[in-house]
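What follows is a set of notes on a single structure, which appears directly below.
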Amino acid sequence: MVTRLDEKNYFNLLADKVREIAIRPVKLMEVCGTHTMAIGKAGIRRVLPPEVELISGPGCPVCVTADSDIDAFMRLAENEQVILATYGDMVRVPGTKGSLAELKAQGADVRVVYSALEALAFARSEAAREVIFLGVGFETTAPATAHAIKIAKHESLSNFSVYNLHKTVPEPLRVLASDKTTKIDGFILPGHVSVIIGEYPYYFLAEEFGAAGAIAGFEPPEIMAAILKLVKDVNAGVPTISNLYRKVVRPGGNVVAQELLDEIFAHTDAEWRGLGTIPDSGLAIRQEYGAFDAAKKFNIERRSVKLHPGCRCGDILKGIIKPHQCPLFNGRCTPENPIGPCMVSSEGTCAAYYLYREN
Amino acid sequence: MCLGVPSKVVSIGEGHFTGEVDVMGNIKRVSMILVPGAQVGDRVLIHAGQAISVISDEEADASLAVWEELIHGYQA
Ligand code: SF4
C-alpha cells in the first residue's frame, strides 16, 4: 500500500529532483482539465523551478464546446416537449439567451445526470416526452453514451436521442504539437482518457514531432513524477511516451470500450473552441443508429454565432495566454458570474487559476 | 463530469451487465460491461456510471519503485 505519508515524501523528493536537473527552459502542457485542477490544488506551479513552465491545454470538454453547439442545444432545450439531460457542468455555460440553468428557471425541463444511462430511465418513464441527452466529453464519457444508444435501440425507445458533441484527444494534440508558435516539449497525458485508448495513440507525438509524453494519475506525486520524467526525456534529447499510471492504464487501453465506441460512432471533423475545425476529432453517431441522433431527428442546424465577445478562452486552451492576461479575469468574469466556458467548468483553466490564485 | 472515482465491487448482476460498488460507504449500481474480468472484491475506477478499469494493486505498489528509479536513476 502506498500511504499518504509515502505520497507526501515522494512528492517532495520528486520535486527536489526536478529542481536539481532543470537546466534549460522546458515547456510542458497538462492536457487534461482534471490535471489542471489537481496541479492548482497541490500548488505544483509554485514548487517548480523557473525553467519548467506548465501550460494548460484543451482537455476540458465544456471549455472546448463551440459557440455554435452551445447555441444549438439551447434551442433544443426551449422545446416544451423536450427533457434535456446533461452533466452538471453544462448547465451554467452562458449562451445567447442565458444558460440552461436560466432556461430551467423559466420553465424548461433541464435535468442534471451523472451518466447517459440515467437519461434512459427518464425516456422509459415519460414516454410522451422526448428525452435528449447532451453527449459531451472525451473518450472517458463517450462509452456511456454509446452504451445508452445501444440499449435504446435494443429496447426500441423512440423518445430518446443524443445531441452528440463527443470529441477525442489525440487529434487536437497533433494540432498543438505541430503549432510552431507554442513549441511544447512534453505533454502530461490524461490518465482517464488513456484508460480507454491506451498508450499507442500518443506515439506519433514522439515519432513525428519529437515531443515527450507521460500518462499520469491525479495525485500530487503522480503528477510530479510525470513532470520529472518529461524533464529527463527533454534533457536527454530522447522523447518517449511513458505510462506512469499503470494501475489503471493498460498499454492497449480498454478494448471492450474501444469496440463499443467503434460500433456506435464514426470519426468525423469537429469544431473546437480556440482550435477551430479539427479533422476526425469528433465522434458522430453512425447511420444505423441515426434514429437516436437529436441533430438529425430535430433537424438542428449549426449556425455560426459568437457568444462571448472579449473572452479569450480560445487562446487559453491553446496555451498562448494565461487566464490573468484576459482583461475580464477576476473582474467581470468569476466562477459566480462566468463570461466564458473556461470559467464555468469545474475543470476549466480560468476556474482553476481563480480558485487556486495562480499566476 | 471527468472525475474518476475508485470503488470496490460488492456484487455483480447476472450476465455481468451491472454491479454494485461501494464508493466511500455509499452503494451505487454501475454498468460493468466494460470490465468483463472484474470480480467481487476488486477495486474499479468509475466514470460516468460505468466501471472502466480494474485497479491493479501490484501496479499501484510498483509506482514506488518507478518513483525511486526516477529520483535515483543515473539518467539525468
Ligand atoms: S477569464 Fe472569463 S472571459 Fe476571460 S478567458 Fe477566462 S472564461 Fe473567458
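Summary table
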quantity: Which numbered condition A:L307 misses (of (1) touching a Pro at 6+ places or on another chain (Cβ under 7 Å); (2) aliphatic (A, V, I, L, M); (3) assigned to a loop (DSSP other than H, G, I, E, B); (4) near the ligand (Cβ under 10 Å from one of its atoms)); calculated: (4)
quantity: Strands (runs of 3 or more DSSP E) lying entirely in the range A:83-172 (those with 3 or more residues that are within 13 Å of chain B (Cβ to nearest Cβ) and in contact (Cβ under 8 Å) with a residue 24 or more places away in the chain); calculated: A:130-135
quantity: Test: residue in the range A:304-317 that is buried (at least 20 other Cβ atoms within 10 Å of the Cβ) and on the phi > 0 side of the Ramachandran plot; calculated: no
quantity: Among residues of the range A:310-345, those that are near the ligand (Cβ under 8 Å from one of its atoms) and within 14 Å of chain B (Cβ to nearest Cβ), counted; calculated: 2
quantity: Filter result (part of a loop (DSSP other than H, G, I, E, B) and at pLDDT below 90) within the range B:28-76; calculated: B:A48, B:G49, B:G73, B:Y74, B:Q75, B:A76
quantity: Enumeration of residues in the range A:117-140 that are closer than 25 Å to A:C32 by Cβ and either surrounded by fewer than 19 Cβ atoms within 10 Å (Cβ to Cβ) or in contact with a Lys or Arg (Cβ under 7 Å, 6 or more places away or on another chain) (or both); calculated: A:E118, A:F138
quantity: Residues satisfying the stated conditions in the range A:213-250, i.e. facing chain B (nearest Cβ under 7 Å) and touching a Ser or Thr at 6+ places or on another chain (Cβ under 6 Å); calculated: A:K229, A:K247, A:V248
quantity: Residues within the range A:53-78 that are more than 30 Å from A:I300 (Cβ to Cβ) and surrounded by 22 or more Cβ atoms within 10 Å (Cβ to Cβ), tallied; calculated: 1
quantity: Per-region count, the range A:277-304, residues over 26 Å from A:V169 (Cβ atoms) and either assigned to a strand (DSSP E or B) or in contact with a Gly (Cβ under 8 Å, 6 or more places away or on another chain) (or both); calculated: 0
quantity: Test set (1) in a helix (DSSP H, G or I); (2) within 15 Å of A:G274 (Cβ to Cβ) - A:D71 fails condition number; calculated: (2)
quantity: Verdict on A:A257 being part of a helix (DSSP H, G or I) and within 16 Å of the ligand (Cβ to nearest atom); calculated: no
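Yes or no, residue by residue, for (1) in contact with an Asp or Glu (Cβ under 8 Å, 6 or more places away or on another chain); (2) more than 9 Å from chain A (Cβ to nearest Cβ):
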| site | (1), (2) |
| --- | --- |
| B:S7 | yes, yes |
| B:Q39 | no, yes |
| B:H47 | no, no |
| B:I55 | yes, no |
| B:E58 | no, no |
| B:V66 | no, no |
| B:G73 | no, no |
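The values are calculated or read from the model by the stated rules, or taken from the named source; none is laboratory data. Source: prediction; values computed, not measured. Note that we place each Cβ from the backbone using ideal geometry, even for glycine, and neighbour counts take in every protein chain shown.
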